[in-house]
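The values are calculated or read from the model by the stated rules, or taken from the named source; none is laboratory data. Because the structure is predicted, anything quoted here is derived from the model rather than measured. All Cβ positions, even for glycine, are placed from backbone atoms using ideal geometry, and neighbour counts span all protein chains on display. Note: areas computed on protein heavy atoms with side chains; ligands, DNA, RNA excluded. Shrake-Rupley method; radii C 1.70, N 1.55, O 1.52, S 1.80 Å.
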Amino acid sequence: MTLSSSKTRLASLRTELERRNPAEPEFHQASREVLESLAPLFAARPEYAQPGLIERLCEPERQIIFRVPWQDDGGTVHVNRGFRVEFNSALGPYKGGLRFHPSVNLGVVKFLGFEQIFKNALTGLGIGGGKGGSDFDPRGRSDSEVMRFCQSFMMELHRHIGEHTDVPAGDIGVGGREIGYLFGQYRRITNRWEAGVLTGKAEAWGGSAMRPQATGYGSVLFAGEMLSRRGEELAGQSAVVSGSGNVAVHTIEKLMRSGAHALTCSDSEGYVVDEKGIDLELLRQIKEVERARVSEYAERRGASARYVPGGRVWDVPCDVAFPSATQNELDRQDALTLVRNGVKAVSEGANMPTTPEAVGILQEAGVAFGPGKAANAGGVAVSALEMRQNAARDSWTPERVEDELAQIMRDIHRVTYETAERYGAPGDYVTGANIAGFERVADAMLAQGLI
Ligand code: GLU
């Protein structure tokens, strides 16, 4: 197959996918990026282009949508929608987080699940791809309301998951508190101590050391690898981080430990820039203890910090940027600003935070761009290490987990870099990650027959 006939085949696949999955723009965006990357692979290795393979990969193995009724503290009944998309289990049990956010719909869950297939394949740890969540908004809800919601959500979800079947974890709006409530309800319904059914548990009852840190730390490690290919290092670099959730907080922490200067954090209402570098203890107090907004940070921090309501965090000049909040948060204009300000590397801590146009601008300008499915794979990788510890009834030291995480991120960087070179796109980590992830999943699917 020539390159141009591969491109034609993939373009018609895309048209068909968009026709069969209407009104799912995020899923179209994520699948389009992967399909476009595969053209050089199809041209060089026709076995991967055989009819049916890519069509199967783009169709989830199973999609579950369910009603989640619950009562608030005042006794009012609310009805939310729950989702679990079990996308691909060729390499292992479905694995991926749950997102609780009002923006969650089937298209969002499918985009996340689709990305997860390739991300999980890149970890090399034997996990398939899935994702789930709900349009429930935990913001402003009491602990007991969140607990009742989680219990109702698990009342249905429990029939679809299991340590050898599907292993959910956290994502936006789902952290340690929610995993605790979900695990408690699963245990009660099933009468099983099945630690490996969920990851992101507390260390005292089956969780792994370093799981909360893993996504942010991994994203910084990936940026460090990209810089070292260019003969540079993280120490001394200025960094802009978006978001203020688990990924952002641990990105900031790891940047500081690496000798870089993390200058910002943000939420959906605005951003903070702190000339002295973000004070992590204060940020944690505000976000994790008080569950308040980042504007509060600037108010308490004093003269070094400034709050910019409604602003774009990407306007702050920096050497490295870490989009760590949510999808499509860094657009064309932001990319132009970053390039104008001399950014050297962008590492995606969130899933698909950079729009396709923005990715093009960054790559065109020679910025090292680490796509989420490679750069933020540290989180799910440590989840897979948590599953290993659970299966062996073992618990590893933080040092051991951190060493393994660092090795996994180095391996992911190497395989994506080398794959991009092999397929004629040197330095293009998007192409490298998509092809390398695809090859692993496709090999397993081909070997396992038409299922
Ligand atoms: N939600 C995270 C991700 O996007 C982690 C998933 C997991 O640990 O299973 O990869």
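Exactly one residue among 176, 180 is without any contact (Cβ under 8 Å) to a residue 40 or more places away in the chain, touching a Pro at 6+ places or on another chain (Cβ under 8 Å) and within 16 Å of the ligand (Cβ to nearest atom), and that residue is 176. Filter the range 369-408 down to the residues that are hydrophobic (A, V, I, L, M, F, W, C) and within 9 Å of the ligand (Cβ to nearest atom) and list them by number. Across the range 369-408, the qualifying residues are 377, 380, 381, 382, 384. Please work out which residue is farthest from the chain's Cα centre (by Cα), limiting yourself to the range 211-245 and to residues that are within 16 Å of the ligand (Cβ to nearest atom) and open to solvent by 20 Å² or more (accessible area, probe 1.4 Å). Here the answer is 221. Residue 426 meets the conditions (1) assigned to a helix (DSSP H, G or I); (2) closer than 29 Å to residue 27 by Cα; (3) not hydrophobic (A, V, I, L, M, F, W, C) in every case but one. The failed one is (1).
Of the residues making up the range 70-97, just one is open to solvent by less than 10 Å² (accessible area, probe 1.4 Å) and more than 16 Å from the ligand (Cβ to nearest atom), namely 82. Residue-level check: of (1) within 20 Å of the chain's Cα centre (by Cα); (2) more than 16 Å from the ligand (Cβ to nearest atom); (3) open to solvent by less than 10 Å² (accessible area, probe 1.4 Å), residue 431 misses just (3).
Yes/no matrix, rows are residues, columns are (1) within 20 Å of residue 442 (Cβ to Cβ); (2) within 11 Å of the ligand (Cβ to nearest atom); (3) surrounded by fewer than 24 Cβ atoms within 10 Å (Cβ to Cβ); (4) free of Cβ contacts under 8 Å to residues at least 40 places away in the same chain:
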{"site": "99", "(1), (2), (3), (4)": "no, yes, no, no"}
{"site": "119", "(1), (2), (3), (4)": "yes, yes, no, no"}
{"site": "133", "(1), (2), (3), (4)": "no, yes, no, no"}
{"site": "146", "(1), (2), (3), (4)": "no, no, yes, yes"}
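Of the residues making up the range 247-281, those that are closer than 18 Å to residue 296 by Cβ, in contact (Cβ under 8 Å) with a residue 60 or more places away in the chain and open to solvent by 20 Å² or more (accessible area, probe 1.4 Å) number 0. Residues that are more than 14 Å from the ligand (Cβ to nearest atom) and open to solvent by less than 10 Å² (accessible area, probe 1.4 Å) within the range 148-173 comprise 149, 150, 153, 154, 157, 162, listed in sequence order. Selection of strands (runs of 3 or more DSSP E) fully inside the range 1-120 by the criterion of at least 2 residues being modelled with pLDDT of 95 or more and among the β-branched types (Val, Ile, Thr) returns 62-71, 77-88.
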